[in-house]
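The values are calculated or read from the model by the stated rules, or taken from the named source; none is laboratory data. Note that the structure is a prediction, hence the values are computed from the model and not measured. Using ideal geometry, Cβ is built from the backbone for each residue, glycine included, and neighbour counts are taken over all protein chains shown.
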Amino acid sequence: MPELLRIAIDRENPPFTAVDELSGEPEGFSVALCRACLADAGVEPDFVAADGPMTQSIWLAAGRVDAVLDMTASQRRAQWFDFSNAYYVDELAAFALLDGPLWPGLERVSAPLAVKSNSYAEEWLRRHYPRLPLLPVDDAERLLAVVAGGRAAAFVTSAATGRELIARQGPDRFRAAGPPFAPAGLTLAVARGEQTALLRSINRGLAELRADGRYDALLRASALAHA
């Protein structure tokens, strides 16, 4: 494991990762959990904020960072990445304008859906609904903006992130559109065949946190339901 461990986070993926507007420090459930998992190994990670999952993946592939947080494992991604055990399992969900038209469901929606570029939401929708038009954007702010501007019928992200984005930026403008529809387990990802010691430390630390109650405390601090 390198002495300086650089881990890329999505700068706007609450409640899992974010950057405090005043201090500029990383925060969120995944940040706190990663720190706790690595504490016993004597490692203090350096979290590097990226503009969305696409940038996270590019940095990891280029060797600019050693790992990324909050990547959902998939068969396609396993070609390039190895993953820790899932530390939280959320579900994908769609969010639309509060005063918009009745949500027809994924099977019937014809207008584009906004997704973060290279996100698991984009991958899942392209695999299961290949004819569904998607509008990939770089960050969370754009997710809400393209829906508010009428360029997309809804945005799709994890259920917890969608609720948090709406609470922070538009509780009187957006709503959940239908029930959540696909599980998405969050992991720490590394380049395939590399950083095996880091994955072992994360998995060992995660097991210890679950066993001694600290995992539940982290969930409560982030207002997350038990995974």
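Among residues belonging to the stretch 117-144 that are assigned to a helix (DSSP H, G or I) and of a type in the set (D, E, K, R), point out the one that is farthest from GLU107 (Cα to Cα). Step through it out loud before you land on a result.
Within the stretch 117-144, the first condition is being assigned to a helix (DSSP H, G or I), and the residues that meet it are 120-128, 140-144.
This time we only want the ones that are of a type in the set (D, E, K, R), so: 122-123, 126-127, 141-142.
Values: GLU122: 16, GLU123: 17, ARG126: 13, ARG127: 13, GLU141: 26, ARG142: 24 Å.
The residue in question is GLU141.
Scan the stretch 5-49 for residues that are among the hydrophobic types (A, V, I, L, M, F, W, C) and either in contact with an Asp or Glu (Cβ under 6 Å, 6 or more places away or on another chain) or at positive phi (or both) and jot them down.
Within the stretch 5-49, LEU5, PHE16, ALA18 qualify.
Go through PRO14, PRO53 for me and flag whichever is closer than 24 Å to ARG214 by Cβ and in contact with a strand residue (DSSP E or B) (Cβ under 9 Å, 6 or more places away or on another chain). Don't jump to the end; show me each part of the working.
Working: PRO53 fails: closer than 24 Å to ARG214 by Cβ.
From the options PRO14, PRO53, the qualifying one is PRO14.
Looking at (1) surrounded by fewer than 18 Cβ atoms within 10 Å (Cβ to Cβ); (2) closer than 21 Å to ALA152 by Cβ; (3) not β-branched (Val, Ile, Thr), which is the one condition that is false for LEU92?
(1)
Name the one entry in GLU194, GLU164, GLU208 that is assigned to a loop (DSSP other than H, G, I, E, B) and closer than 27 Å to VAL65 by Cβ. Can you show your working first?
Numbers: GLU164 fails: assigned to a loop (DSSP other than H, G, I, E, B); GLU208 fails: assigned to a loop (DSSP other than H, G, I, E, B).
Among GLU194, GLU164, GLU208, only GLU194 is assigned to a loop (DSSP other than H, G, I, E, B) and closer than 27 Å to VAL65 by Cβ.
Give the residue that is nearest to ALA182 (Cα to Cα), with candidates limited to residues of the stretch 67-76 that are surrounded by fewer than 23 Cβ atoms within 10 Å (Cβ to Cβ) and in contact with a helix residue (DSSP H, G or I) (Cβ under 8 Å, 6 or more places away or on another chain).
Filtering the stretch 67-76 for residues that are surrounded by fewer than 23 Cβ atoms within 10 Å (Cβ to Cβ) and in contact with a helix residue (DSSP H, G or I) (Cβ under 8 Å, 6 or more places away or on another chain), the one nearest to ALA182 (Cα to Cα) comes out as SER74.
Taking into account only those residues within the stretch 1-17 that are surrounded by fewer than 23 Cβ atoms within 10 Å (Cβ to Cβ) and among the hydrophobic types (A, V, I, L, M, F, W, C), which is modelled with the highest pLDDT?
The residue in question is LEU5.
How many residues does the stretch 59-115 contain that are farther than 30 Å from GLY150 by Cα and among the hydrophobic types (A, V, I, L, M, F, W, C)?
Residues of the stretch 59-115 farther than 30 Å from GLY150 by Cα: 59-69, 73-89.
Adding the requirement that they be among the hydrophobic types (A, V, I, L, M, F, W, C) leaves 59-62, 65, 67-69, 73, 78, 80-81, 83, 86, 89.
The total comes to 15.
Would you point out the residue of the stretch 11-58, among those that are assigned to a strand (DSSP E or B) and in contact with a Gly (Cβ under 6 Å, 6 or more places away or on another chain), that is nearest to LEU198 (Cα to Cα)? Before the answer, list the steps.
Within the stretch 11-58, the first condition is being assigned to a strand (DSSP E or B), and the residues that meet it are 12-13, 17-19, 26-27, 46-50.
Next, from what is left, pick out any that are in contact with a Gly (Cβ under 6 Å, 6 or more places away or on another chain): 17-18.
Working: THR17: 19, ALA18: 22 Å.
Selected residue: THR17.
Kindly evaluate ILE202 against the criterion of being under 30 Å from PRO104 (Cβ atoms) and surrounded by 15 or more Cβ atoms within 10 Å (Cβ to Cβ).
no
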